[in-house]
Amino acid sequence: MKKIFCWSMALILTLLFPLSALADAIDPPDNDIVVSLGANLDESQQKQMLELFGVKEDEVTILKVTNQEERDYLKGLVSDDKIGTRAISSAYVELLDEGNGIEVETHNITWVTREIYANAMVTAGVENAKVIAAAPFKVSGTAALTGIMKAFEEATGIELDEEAKQAANEELVTTGELAEDIGKDEAAALIKEIKEKIAELDTKDEGEIRKIIIEIAANLNINLNQEQIDQIVELMKKISNLDLNVEKISGQIEKIAGSLDDVKRIVEENKGIIGKILEAIQNFFGWLRGLLG
């Protein structure tokens, strides 16, 4: 009986030990949150990014993004000084429930705004996600989109369409370049409005695309030169081939669309002010003509 008891206890302990070992094991990383870090960040800078994102290294999935990966998407679209030779930009991507849309924050990003990121992310196919694009010091931010897309793919287990990713990078650069001439908010509003209209009409006709661009720019009181119009036409021809619809575009960026709507409101208000100024000038000259007979 004593031997039977000993063998029974040994068997029980053998069966229970793996279970207890599993119970005491460290929880696996949260796959709903993925962080992409620039491969050229040093250890201190990596720690700085994780602290900014509010995560610990053993709690989330961490990816590295190389400068070559960034160049694969940006080569030919943007000057080398904006890409750089090191991968610095980092990104935090957290999956949200269906219907939450896209939320974007930026830190130390000087050239790309959160509205421009959000617009480009929708084009790439990123949806229902909280995103933070950041760097340990000031950078243009053009390369961060690569890390955002890579982290989103890791979090969802779904590979984004390659044409959509290329178009998204081209959109980001085109909008950023426009922003230098017409203003950041205005550029983001313009591209969003054009993209929505093309998706609504489901058109791929170059002539119609060009007409849409000119009409929307006029409605927003934005002056575009021929080169800028041609650049937007080429971008929209590519976007028109993607599976985008108005609801998807507006729904995903609803939380940050307020600033874009503010631009349109300000433009309309300014139109009224300009009209009043012109009217006052005309009245003054009318009075002056009457005074001089």
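The values are calculated or read from the model by the stated rules, or taken from the named source; none is laboratory data. Just so it is clear, the structure is predicted and the values come from calculations on it, not from any experiment. Note: ideal-geometry Cβ built from the backbone for every residue, glycine included; neighbour counts use all protein chains shown.
Starting from region 172-201, take each residue that is touching a residue at least 24 places away in the same chain (Cβ under 8 Å) and assigned to a helix (DSSP H, G or I) and list its partners that are surrounded by fewer than 21 Cβ atoms within 10 Å (Cβ to Cβ) and of a type in the set (S, T, Y), counting only C-beta distances under 7 angstrom and pairs at least six apart or across chains.
As it stands, the answer is D185/S259; E196/S250; I198/S240, since those pairs meet every condition given.
So which residues in region 137-171 are surrounded by 24 or more Cβ atoms within 10 Å (Cβ to Cβ), in a loop (DSSP other than H, G, I, E, B) and touching a Lys or Arg at 6+ places or on another chain (Cβ under 7 Å)?
Once the filter is applied, which keeps residues that are surrounded by 24 or more Cβ atoms within 10 Å (Cβ to Cβ), in a loop (DSSP other than H, G, I, E, B) and touching a Lys or Arg at 6+ places or on another chain (Cβ under 7 Å), region 137-171 yields only T142.
Would you be able to say whether some residue in region 69-87 is in contact with a strand residue (DSSP E or B) (Cβ under 6 Å, 6 or more places away or on another chain), surrounded by fewer than 19 Cβ atoms within 10 Å (Cβ to Cβ) and at pLDDT 85 or above?
Initial filter on region 69-87 (in contact with a strand residue (DSSP E or B) (Cβ under 6 Å, 6 or more places away or on another chain)): 87.
Checking which are surrounded by fewer than 19 Cβ atoms within 10 Å (Cβ to Cβ) leaves us with none.
For region 69-87, residues in contact with a strand residue (DSSP E or B) (Cβ under 6 Å, 6 or more places away or on another chain), surrounded by fewer than 19 Cβ atoms within 10 Å (Cβ to Cβ) and at pLDDT 85 or above: absent.
Being under 14 Å from the mean Cα position of the chain (by Cα) and of a type in the set (D, E, K, R), is that true of even one residue in region 140-163?
yes
Could you check N223 against (1) part of a loop (DSSP other than H, G, I, E, B); (2) surrounded by 14 or more Cβ atoms within 10 Å (Cβ to Cβ) and say which number it fails?
Exception for N223: condition (2).
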